[in-house]
Amino acid sequence: ASSFNPEQARVPSALPLPAPPLTKFNIGLCQLSVSADKKRNISHAKKAIEEAASKGAKLVLLPEIWNSPYSNDSFPVYAEDIDAGGDASPSTAMLSEVSKRLKITIIGGSIPERVGDRLYNTCCVFGTDGELKAKHRKIHLFDIDIPGKITFMESKTLTAGETPTIVDTDVGRIGIGICYDIRFQELAMIYAARGAHLLCYPGAFNTTTGPLHWELLQRARATDNQVH
């Protein structure tokens, strides 16, 4: 595509821009310690969401893999059938109930999702009516091997998602990524072209490479695309 017609270089092409939010709103970011007790993790997340809402948050975000230890051994054990809902997905059932009761929008961090014989790292977005508005499956899996420091291969158990996720909510149009997705500017460019007001990347960075990247990449994606 010609550099004089930058929209022709974007796939998919830009959508009509939505109206920006008319008022300011508070965002609650929940930092959660995770244990091997799944019920405890769900209860802990619920209390954190309720606390954020009690302080005026209209949008609440959870971290990546908040219902499970972050390990390849744990992902198959803690995975849920999100589409089935109910007892098959107690984590998302809680998010649905709380978002409706408190009339808030929740970016549900991420949990391991089971679909047939595949596992995904999946973020669910719930609206103020308690309905599931969008599901984002982590596109860029994090495989790292730094001798003497850290070795972890998400691709040993997880399947990569294939689809960008943008969702209209009561607080504006939001583009969703998960952790390592933020490393790749193309995803953020697509969201900006589609009129996103806000980009949300729930993450669980390791302490080896994380401190080098988490602030730098957030600032870069925001500056490059002129979004929050």
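Each value in this text was obtained by applying a stated rule to the coordinates, not by laboratory testing. What you see is a predicted model, and the numbers here were worked out from it, not measured in a lab. Methodologically, a virtual Cβ is constructed for each residue, glycine included, from the backbone with ideal geometry; neighbour enumeration extends over all protein chains shown.
Quick look at the numbers
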| item | result |
| --- | --- |
| Residues with amide H under 5 Å from that of residue 72, placed H, sequence gap 5 or more | none |
| GluC sites (Glu not before Pro), loop per DSSP, at most 14 other Cβ atoms within 10 Å - longest free stretch of the chain | 1-130 |
| For the chain, built as a Gaussian network whose Cα springs stay under 10 Å, the top-fluctuating residue of 107, 146, 182 | 146 |
| Calculated from backbone phi, Karplus (6.51, -1.76, 1.60) coupling profile of the stretch 47-64 in Hz, x at Gly/Pro | 5, 5, 5, 4, 5, 4, 5, 5, 9, x, 5, 9, 10, 10, 10, 9, x, 5 |
| Amide H within-cut-off set for residue 80, under 5 Å, with H built and near neighbours excluded | 113, 114 |
| Hz values of 3J(HN,Hα) by residue in the stretch 123-128 - Karplus curve (6.51, -1.76, 1.60), Gly and Pro given as x | 9, 10, 10, 10, x, 5 |
| Residue order, fewest to most surrounding Cβ atoms within 10 angstrom, among 62, 32 | 32, 62 |
| Shape of the stretch 77-190, Cα gyration tensor, a/c cut at 1.5 | oblate |
| The stretch 83-228, dipole about Cα centre (Lys/Arg Cβ +1, Asp/Glu Cβ -1), debye to the nearest 20 | 200 debye |
| For the chain, average projected area of the Cα convex hull in nm² | 13.6 nm² |
